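Student: Got a structure for you, questions after.
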Amino acid sequence: MEARTTIQAALASVRERIAGAAHRSGRLPEDITVVAVTKTHPEAVVRDAFAAGLRHFGENRVQEAAPKIATLADLRPRGAAFHLVGHLQSNKAGKAVEVFDTVQSVDSVELAYRLARLAESAGRVLPIMVEVDLAGEATKSGLPPADLFVALDAIRGLGSLRVEGLMVLPPYFEDADAARPFFVRLRELGDGALARGLLQGSALSMGMSHDFEVAIEEGATHVRIGTALFGARR
Ligand SMILES: *Cc1c(COP(=O)(O)O)cnc(C)c1O
């Protein structure tokens, strides 16, 4: 099969599963945004994904993404948006503000301040999400839940940032259902933050190829999907 046809078929299947999970939880499929994670895949794959109807693309490394997104600039006026979903080192924050539409992986107040300064100099408002580390895994980034509200309060009011919501990358479980408590916890934190006026949006970015249906059942608004659309990464 041609690459484009393969992506179309994979997307149709993903959308069907999204619709099923949305239906089970009394939600609307159109309220769930697919962020196609194109890390390690070449520009042509992103173009095929765009042709298949995808508009949101996720990358996890600034260095890899910057030249790729530069060559894809023509897709932006046609509706494409690029999300950073991987850990951002502070020395790459400037480049990230230049090339990404949204930074989903803000994991410290310091990084938020830096992004705010850079966005302000660039004369733009940068939509961000704050990543939460719910498992306390040393290898993963994210704010500990106990620090979240204080951090959001410190970030609140930075005019050049728009805090759209929260993001999580739970531990990998063979059985996707085992990730459910993490998704529930992120939703509870999001509800708590919204009730305290600490968020400007109600986005919950949670769920990947192997667990996005569970994440949607628990309230995901953004699912970050690579493998289920593009096959295994080399
Ligand atoms: C790679 C990646 C994904 C996508 O993972 P798949 O299992 O291929 O769907 C989602 N989120 C983040 C942060 C990633 O790095």
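Student: Pull out the extension gain between N91 and A12, defined as 0.36 nm times the separation in residues minus the alpha carbon to alpha carbon distance; nm, one decimal. List each step's numbers first, then the result.
Tutor: Details: separation 79, 0.36 × 79 = 28.44 nm, distance 3.89 nm.
Going from the current span to full extension adds 24.5 nm.
Student: Below 8 Å, C-alpha to C-alpha, sequence gap of six or more: please give me the relative contact order for the chain in percent.
Tutor: Here the relative contact order equals 20 percent.
Student: Another question, then. Let me check I've understood the local charge: for D147, count other residues with C-beta under 11 angstrom from its C-beta, Lys and Arg +1, Asp and Glu -1. What total comes out? Mind showing how you got there, number by number?
Tutor: Values: positive: none; negative: D107, D133, D153.
Computed value for this residue: -3.
Student: Indicate the gyration tensor shape class of segment 69-175 (rounded, prolate or oblate), computed on the Cα atoms with a ≥ b ≥ c the square roots of the eigenvalues: a/c under 1.5 is rounded; otherwise a/b larger than b/c is prolate and the rest oblate.
Tutor: Values: a/c = 2.09, a/b = 1.31, b/c = 1.60.
Verdict is oblate for segment 69-175.
Student: About its Cα centre, what dipole magnitude does segment 66-200 give when the only charges are +1 on Lys and Arg Cβ and -1 on Asp and Glu Cβ, stated in debye to the nearest 20?
Tutor: Values: 15 positive and 17 negative charges, 115 e Å.
So the dipole magnitude of segment 66-200 works out to roughly 560 debye.
Student: Tell me the net charge near T227. Cut-off is 12 Å between Cβ atoms, T227 excluded, with +1 for each Lys or Arg and -1 for each Asp or Glu.
Tutor: Details: positive: K39, R224, R233, R234; negative: D211.
Here the charged neighbours net out to +3.
Student: Next up: With the Cα gyration tensor of segment 7-142 giving a ≥ b ≥ c as the square roots of its eigenvalues, does the rule (a/c under 1.5 for rounded; else a/b larger than b/c for prolate; else oblate) give rounded, prolate or oblate? If you can, show how the numbers build up before the last one.
Tutor: Working: a/c = 1.87, a/b = 1.30, b/c = 1.44.
It comes out oblate by the Cα gyration axes.
Student: For the chain, just list the percent of Cα-Cα distances falling in each 10 Å bin from zero outward, please.
Tutor: So the P(r) values, bin by bin, are 8, 34, 38, 19, 2, 0.
Student: Using just the helices of the chain, give the 222 nm mean residue ellipticity in deg cm²/dmol: DSSP H runs with n ≥ 4 each add -39,500 (n - 2.57), and the total is spread over all residues, rounded to 500. Could you put the intermediate results ahead of the total?
Tutor: Working: 9 runs with 98 residues, N = 234.
About -12500 deg cm²/dmol.
Student: V184 to A3: extension gain in nm, 0.36 nm per residue of separation minus the Cα-Cα distance?
Tutor: Length gained, V184 through A3: 61.6 nm.
Student: To continue, here is another question. Between S25 and E137, what's the calculated FRET efficiency when r is the beta-carbon distance and R0 is 22 Å? Round to 0.05.
Tutor: Details: r = 27 Å, r/R0 = 1.23.
Calculated transfer efficiency: 0.20.
Student: Right, another one. Considering all alpha-carbon pairs of segment 194-234, what whole percent are spaced by more than 13 angstrom? Walk me through the numbers before you get to the answer.
Tutor: On the way: 466 of 820 pairs.
Tail fraction, whole percent: 57.
Student: Also, I was wondering about something else. Spelling out what I want: for every residue of segment 156-172, take phi, set θ = phi - 60°, compute 6.51 cos²θ - 1.76 cosθ + 1.60 (Karplus), and round to whole Hz; glycine and proline get x.
Tutor: Each residue's phi maps through the Karplus curve to give 4, x, 6, x, 8, 10, 10, 7, 6, x, 10, 9, 9, 10, x, x, 7 Hz.
Student: Identify, among A93, V103, A12, the residue whose Cα sits farthest towards the positive end of the charge dipole of segment 1-134, taking +1 on the Cβ of Lys and Arg and -1 on the Cβ of Asp and Glu, with the dipole about the Cα centre.
Tutor: So the residue furthest toward the plus end is A12.
Student: On to the next question. Charges at C-beta only: +1 for Lys and Arg, -1 for Asp and Glu. How large is the resulting dipole of the chain about its Cα centre, in Debye rounded to 20? Spell out each step's value before the answer.
Tutor: On the way: 27 positive and 29 negative charges, 133 e Å.
Value, rounded to 20: 640 debye.
Student: Treat every Asp and Glu Cβ in segment 125-228 as -1 and every Lys and Arg Cβ as +1, leave all other atoms uncharged, and give the resulting dipole magnitude about the Cα centre to the nearest 20 debye.
Tutor: Numbers: 8 positive and 15 negative charges, 97 e Å.
Taking the Cα centre of segment 125-228 as origin, the dipole is about 460 debye.
Student: Once you keep just the Cα pairs under 8 angstrom separated by 6 or more residues, what percentage relative contact order results for segment 5-59?
Tutor: Details: 36 pairs, mean separation 21.0, N = 55.
Relative contact order for segment 5-59 comes out at 38 percent.
Any read-out appearing in this document is the output of simple, stated calculations on the displayed coordinates, not a laboratory observation. Nothing here was measured: the structure is a model prediction, and the numbers come from that model. Cβ sites come from the backbone with ideal geometry, for glycine too, and all protein chains shown count toward neighbours.
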